[in-house]
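Contents: one structure, followed by commentary.
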Amino acid sequence: MGYIKWAFILTFWVLFASFLHYTLPQHDVARITDTEVRRIDPGENRWFWASADVGSDGTLPNRDVFFISAVKSDGDVMVYRNEDTGWGWPPYFKFDTSNLQAEAADLRSTSADPQWVVIKHYGWRNEFLTIFPNALNVRPVDGPEVRIIPWINIIVLTLLAAFFWAVWVRWRRFRIARIDPVLEDVEEGFESVGDGLARRRSGFRRWLDSWKSR
């Protein structure tokens, strides 16, 4: 039972950490190399695509999606999708997809004359599953050495830690006040029953021994 308990706890926290890593915003310092529009047809990976842009027909099997190609400051290539989140999840309330695409196109540069930008996004890039992070905004910076402080992540994680701490403290107090006394009573009841059975067995053995001695 102990292994099952810890496996369940570990699975829960791994899934929760993955959910946070996918949902919370991330920042990449990169150089935009291209912007384009592709016709996509979400299949088994449709969970990793946002809903259709606000104001468009969301019932169509496929749709046009903006993409932003970039080279990160460490040399890795990254491709971002540019979709509205609307009123859905994650709650970024992004409605400016077309404006962001125009800003990204205006910030394109070459390796000979780089224009570094910070691309704020959420999500993962996975070539095997064909999923892309969703760009939220783009802003130019002076160089690749810029330091980004993830204030939103710090605030959210701090609030979550405070919430879980408060829940754990209240659960611990409830367990000490209500559950532990009940378990102790049950344990004492089992012990008293066991002592009674032991006394009866001892008396039965003495009775048998008395007959053997006759």
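The values are calculated or read from the model by the stated rules, or taken from the named source; none is laboratory data. In this text, all values refer to a predicted model and were calculated from it rather than measured experimentally. Every residue, glycine among them, receives a Cβ derived from its backbone with ideal geometry; neighbour counts consider all protein chains shown. Please note that ligands, DNA and RNA were not included when accessible areas were found on the heavy atoms of the full protein model with its side chains. Shrake-Rupley method; radii C 1.70, N 1.55, O 1.52, S 1.80 Å.
For this structure, a couple of remarks:
- Rough spin-label spacing in nm, given labels placed 7 Å along Cα→Cβ, for residue 155 and residue 127: 3.7 nm
- Residues 96, 41 ordered from highest to lowest accessible area at a 1.4 Å probe: 41, 96.
- Built amide H within the under 5 Å cut-off of residue 136, gap 5+: 120, 121, 122
- Mean Cβ neighbour count within 10 Å, used as a protection proxy, ranking 113-120, 137-144 highest first: 113-120, 137-144
- Here is the list for the range 74-111: trypsin sites (Lys or Arg not before Pro) lying in DSSP coil, each with at most 16 other C-beta atoms within 10 angstrom of its C-beta, are 108.
- FRET efficiency estimate (nearest 0.05) - Cβ-Cβ, residue 5 to residue 174, R0 25 angstrom: 0.85
- Potential lengthening of the chain between residue 27 and residue 69 amounts to 13.6 nm, from the contour at 0.36 nm per residue minus the alpha-carbon distance.
- When the GluC sites (Glu not before Pro) in the range 67-152 are filtered for DSSP coil states and for at most 15 other beta-carbon atoms within 10 Å of their beta-carbon, the remaining sites are 127, 145.
- R0 of 41 Å, Cβ-Cβ distance residue 146-residue 16: FRET efficiency to nearest 0.05: 0.85
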